[in-house]
Amino acid sequence: GFLPQIESILKVIPRERQTMLFSATMQPSVLKIASSQMKLPVRTEIAPSGTAAEHVTQEIFVVKKDLKGKLLGQLLKQYTGSILLFVRTKRSAGRVAKLLRSMGHAAAEIHADRSQAQRKEALRGFKTGQYRILVATDIAARGIDVLAIELVINFDLPDDTGNYVHRIGRTGRAGKKGHAITLA
């Protein structure tokens with residue numbers, strides 16, 4: 001989805017340059033674009049693509065859809081730290097954030113229908129502890145850097161394994177332990 005912007009940037013930067021690309025996962029389409037723009041490209045993998053973070057324990061609960069909210073309420077009593085909760089859709093993000101606030105939790109939401117200012121505010125509030133829970137679509141699965149997230153909850157299953165790896169990789173960072181719970 002970013003190819004036009006990448007091509008625009010490549011037109012104005014020097015031909016002689018060093019280019020580095022870092023990612024927890026690398027799709028073949030991205031590798032193809034990168035390789036076409038680099039001289040002697042070298043690829044280094046720390047772990048095979050799609051490998052979950054080493055310090056993250058994972059748990060799954062199989063639950064009926066209409067009982068997810070109740071189970072979520074019970075889980076939130078067991079964990080006291082910051083929580084990043086992933087949903088599949090923008091509508092779900094609003095609904096789950098509202099549910100959490102009705103349970104007495106400080107929660108913000110981040111998704112594509114929020115303005116850039118609203119996204120920044122939600123992320124700032126989450127980082128500073130104003131919001132204990134950040135409800136997010138996969139917009140927050142990549143690229144956000146928040147240390148000390150105790151728990152990632154997949155309230156909805158992601159569409160693919162790459163998104164799952166990115167989601168749970170938001171916890172257990174910088175050598176710390178993390179935990180991920182998936183409701184299915």
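Return the residues of the range 83-136 that are surrounded by fewer than 17 Cβ atoms within 10 Å (Cβ to Cβ) and among the hydroxyl-bearing types (Ser, Thr, Tyr); say none if nothing qualifies.
Thr89, Ser102, Ser115, Thr128
Take Arg167 and decide whether it is within 13 Å of the chain's Cα centre (by Cα) and at pLDDT 85 or above. Give the steps one after another, and end with the answer.
Numbers: within 13 Å of the chain's Cα centre (by Cα): yes; at pLDDT 85 or above: yes.
Spelling it out, Arg167 is indeed within 13 Å of the chain's Cα centre (by Cα) and at pLDDT 85 or above.
Regarding Gln27, is this residue open to solvent by 50 Å² or more (accessible area, probe 1.4 Å) and either free of Cβ contacts under 8 Å to residues at least 40 places away in the same chain or under 21 Å from Val146 (Cα atoms) (or both)? Walk me through it before giving the result.
Numbers: open to solvent by 50 Å² or more (accessible area, probe 1.4 Å): yes; either free of Cβ contacts under 8 Å to residues at least 40 places away in the same chain or under 21 Å from Val146 (Cα atoms) (or both): no.
No, not satisfied.
Restricting to the range 143-184, name every residue that is closer than 16 Å to Arg88 by Cβ, open to solvent by 40 Å² or more (accessible area, probe 1.4 Å) and among the acidic types (Asp, Glu).
Asp159, Asp160
From the set of residues in the range 71-82 that are of a type outside the set (Lys, Arg) and open to solvent by 70 Å² or more (accessible area, probe 1.4 Å), which is farthest from Gly178 (Cα to Cα)? Don't jump to the end; show me each part of the working.
Step one: list which residues in the range 71-82 are of a type outside the set (Lys, Arg), which gives 71-76, 78-82.
Checking the rest, the ones that are also open to solvent by 70 Å² or more (accessible area, probe 1.4 Å) come to 74, 78, 80.
Values: Gln74: 19, Gln78: 14, Thr80: 13 Å.
Checking each candidate, the answer is Gln74.
What number of residues in the range 1-40 are in a loop (DSSP other than H, G, I, E, B), of a type in the set (Val, Ile, Thr) and closer than 26 Å to Asp160 by Cβ?
To start, the set of residues in the range 1-40 that are in a loop (DSSP other than H, G, I, E, B) comprises 1-2, 13-27, 37-40.
Now drop any that are not of a type in the set (Val, Ile, Thr), which leaves 13, 19, 25.
Pick out the ones that are also closer than 26 Å to Asp160 by Cβ and you get 25.
The qualifying residues number 1.
Of all residues in the range 147-184, count the ones that are in contact with a Gly (Cβ under 7 Å, 6 or more places away or on another chain) and assigned to a helix (DSSP H, G or I).
3
The values are calculated or read from the model by the stated rules, or taken from the named source; none is laboratory data. All of these numbers come straight from a predicted model, not from anything done at the bench. Backbone-built Cβ (ideal geometry, glycine too); neighbour counts: all protein chains shown. The area values use the complete protein model at the heavy-atom level, side chains included, leaving out ligands, DNA and RNA. Shrake-Rupley method; radii C 1.70, N 1.55, O 1.52, S 1.80 Å.
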